[in-house]
C-alpha cells in the first residue's frame, strides 16, 4: 500500500516537474501543493491522464492558517507559576483572558488555502491537492467546476465560510449561512458566538438584529505541548535520513 | 390561445416530503421542472467551527448529530481520523464491535430511507413496518451506550465499553400489561449478542415482506423506474458515492476497496445497479441490508468466542480504569490530564474515509499539534448528492422531485452540518 503511494508521489514529481510546488507523503497520504496559476491545467491532466485517473473530486474545503500553531496557554512559562495561575488573573502568565486577541500569525506564507481531496476509481488511490491563495485580503483561486462538476457547491461553501473567491465560478452565492449574512464565519478572526443575534420585536412587528449579548468562553484552553513522542519521531527520521 | 408563463414554486422548508428543512425553488413550465435550486443551510450549526474550540473527545457527541439517522458511522469517521494521525492501533475486539455497529447503523439508516422514501411516493405501510424493526436496533444502541440515538460510543482507541451481558427489559405499566411485557421481553433474556442474533434471524423475513410490497408493485415501479437517471460518467462528475454510485453501475465500496477495521475478513458482496434510476438504487439498498445482516452474523460469531479489551491501553489517549486511578499515581495523572486538557496530536493533516450508509463520509483533519482540531472538515454525502438535484430533476414532473429527494436519502443534519 505504501509502495503504491510512493509510486504515485514519484510519478507526480516526474510527470509534472516544477508545475507542482511540492509533493509529500505524510501519514500515508500524498499531498501535492501547487500554485493557483497551474491548478486548472494540472487538475485536467490528473483527471484525463490514464496513469492518474482521478475521476472524482471527493471534497474541497478552505483552511484559514492565520492562527496555526498559536496556543491559548503558553505552557513553557506558565507551568513555573504554579497553581495560582488558574485562579488569580493578575499572576497569570501566558494565559489568555476572555476578549484577548491572538497575535497575528508568525507563520510564513499565505493565510488561506484550498484543499482538494481526489479519488481515483480506476487505480484506487487518493491524492490531496493544496492551493494557497496569494493575496490574504483578497484570496482568489480559479474554479475547478469545469474539471469536476461537483466542485460547484463546495466552492460556494468555501466562499461562504472563508470568503475565498473562485474566479470563473458560474454562480458564486452564499450557501450555508442566512440570507443577508455579513462576514465569513469560519475565518479564525470571526468570533464563535457570532456578531449579531436575532429576535422578534413585538413593537416593530418584525424580526430585528442586535449585537450579541453573550460572551464567548474558553472552557479548555488550546494547548500545544512539546510532546516527546512526536519529537522522537522527528529525530528518528533525521537519523534515518543521515 | 392562452398565454402560458413559467412560474416559480417554493417547495419547503416546511414540507413533509422535504426530509427536514430543504427549501427548493423550482422553476416550472406547467408541471415540468425547468430548474431546481435547493436552498440549504437552515440547519447549519457550525459543527466544524465548534469542534475547533473543544478538545478532541468532546466533539464525538457532535458527530452523532450530523447525520442523525446513522449516528455511529459518523463517529467512526471522526475517531478514525484521530487514530490515523496518532498512528494508534485499536484492540481486535473493538474493531469487530465497530464493524458490527456500523452494519447495524447501515440497516437503521436504510430502514429509515425505505420508510420515508416509500411514504413520500405513497406506500404508507412501509413506514410502519420499518419503524417496527428500527425499534429493536435502537434498543441495541441503548443497551450498549445508554442513548437510543446519540450514542457517543466510539472513542479514539476503541469503544466506550464492552457489550453488556444483559438487555434492558420492558416493565409492566398502566399502558402495558404484564403479559404484553413478558412477550416483549421474550427474546431479551440473554446477552446483547443473543438479542442481535435473534434479530438477524428475523430480519431476512422482514426484508422479504418489504420486497413483496414494493419490488413488483406497479405503482412503485411507475414512480421510480426511469426517474432521476444518472450515467456512470455523470455520477463521478457529480460527486456521487455509496449506493447512489453503485446504482449507476460502479462496483465501488470502501469496505472492499480500501478496507478499514476488519472488513477485509468479512464475506459480503457489493450490489450494483445497471440503469442508474431510482428503482435500481432501491434494489441496491435492499440488497445492502441483506449483506449487512450477513456481516452482523459473522461479527457475532467472532465476538462470542473472543473476549478481550475494547479500549487501547495507551493511557495517553484513553483513560485508565477506575481502580488504577485510585491506586496508581501515574494513572491519576493520566486521568487528570485527559479530562482537563485532553491529548495533543502531532502536527499534520489526514483524510479518513469510511463507507457510511449514504456514501463516503470523509473527515479531513488539520492539526497544529494542540489538543483541539485546527480545522475539521466533514465531507458528508448529502451535500454532494443534493447539489445534483438540479440535474436529476430537470425535465421531470413535480411529483418526481419527491421521489428524487427520497432516493438521494437526504438528511439535513448531514447536508448542513
### Message
Tell me whether the range B:406-413 contains one or more residues that are more than 10 Å from chain A (Cβ to nearest Cβ) and touching a strand residue (DSSP E or B) at 6+ places or on another chain (Cβ under 8 Å).
### Response
no
### Message
Taking the conditions exactly as written (in contact with a helix residue (DSSP H, G or I) (Cβ under 7 Å, 6 or more places away or on another chain) and either within 10 Å of chain A (Cβ to nearest Cβ) or crowded, with 20+ Cβ neighbours inside 10 Å (or both)), does residue B:341 satisfy them or not?
### Response
no
### Message
Can you find a residue that is assigned to a helix (DSSP H, G or I) and facing chain A (nearest Cβ under 9 Å) anywhere in the range B:356-372?
### Response
no
### Message
I need every pair where a residue in the range B:76-87 that is without any contact (Cβ under 8 Å) to a residue 40 or more places away in the chain has its Cβ under 8 Å from the Cβ of a residue that is surrounded by fewer than 24 Cβ atoms within 10 Å (Cβ to Cβ), sequence separation at least 6 or different chains.
### Response
B:87/A:27
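How about the range A:38-59: which of its residues are touching a strand residue (DSSP E or B) at 6+ places or on another chain (Cβ under 8 Å) and surrounded by fewer than 19 Cβ atoms within 10 Å (Cβ to Cβ)?
Filtering the range A:38-59 for residues touching a strand residue (DSSP E or B) at 6+ places or on another chain (Cβ under 8 Å) gives A:39-40, A:42-43, A:46, A:52-59.
Answer for the range A:38-59, where residues must be touching a strand residue (DSSP E or B) at 6+ places or on another chain (Cβ under 8 Å) and surrounded by fewer than 19 Cβ atoms within 10 Å (Cβ to Cβ): A:40, A:53.
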### Hits in the range B:16-58 - residues which are over 21 Å from the mean Cα position of the chain (by Cα), under 19 Å from residue B:403 (Cα atoms) and at the interface with chain A (Cβ under 10 Å from one of its Cβ atoms)
B:37, B:38, B:39
### Query
Assuming residue A:68 fulfils every condition listed in (1) in contact (Cβ under 8 Å) with a residue 60 or more places away in the chain; (2) under 19 Å from the mean Cα position of the chain (by Cα); (3) farther than 13 Å from residue A:128 by Cβ; (4) outside any helix (DSSP H, G or I) apart from one, which condition is it?
(1)
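Determine whether the range B:11-24 contains at least one residue that is buried (at least 17 other Cβ atoms within 10 Å of the Cβ), farther than 24 Å from residue B:112 by Cβ and without any contact (Cβ under 8 Å) to a residue 24 or more places away in the chain. Working first, answer last.
Start the filter on the range B:11-24 by keeping residues that are buried (at least 17 other Cβ atoms within 10 Å of the Cβ), which leaves B:11-12, B:17-24.
Imposing the further condition that a residue be farther than 24 Å from residue B:112 by Cβ reduces the set to none.
No, because not a single residue in the range B:11-24 is buried (at least 17 other Cβ atoms within 10 Å of the Cβ), farther than 24 Å from residue B:112 by Cβ and without any contact (Cβ under 8 Å) to a residue 24 or more places away in the chain.
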### Message
Taking the conditions exactly as written (assigned to a loop (DSSP other than H, G, I, E, B) and closer than 27 Å to residue B:89 by Cβ), does residue B:313 satisfy them or not?
### Response
yes
### Query
So, of the residues in the range A:151-177 that are facing chain B (nearest Cβ under 10 Å) and loosely packed, with under 13 Cβ neighbours inside 10 Å, which turns out to be farthest from the chain's Cα centre (by Cα)?
A:171
### Query
Are any residues in the range B:316-334 surrounded by fewer than 19 Cβ atoms within 10 Å (Cβ to Cβ) and either in contact with a strand residue (DSSP E or B) (Cβ under 7 Å, 6 or more places away or on another chain) or not in a loop (DSSP other than H, G, I, E, B) (or both), and if so, which ones?
B:322, B:323, B:324, B:325, B:326, B:327, B:329, B:330, B:331, B:332, B:333
### Hits in the range A:181-231 - residues which are within 12 Å of another protein chain (Cβ to nearest Cβ) and outside any loop (DSSP other than H, G, I, E, B)
A:224, A:228, A:229, A:230, A:231
### Task
State which residue is nearest to the other protein chains (Cβ to nearest Cβ) when the search covers only the range A:17-32 and only residues that are surrounded by fewer than 17 Cβ atoms within 10 Å (Cβ to Cβ) and on the phi < 0 side of the Ramachandran plot.
A:26
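Where a number appears in this text, it was derived from the coordinates with a stated rule and is not lab data. Keep in mind the model is a prediction, meaning the values are calculated, not measured. In this analysis, Cβ positions are derived from the backbone assuming ideal geometry, glycine residues included, and neighbour counts consider all displayed protein chains.
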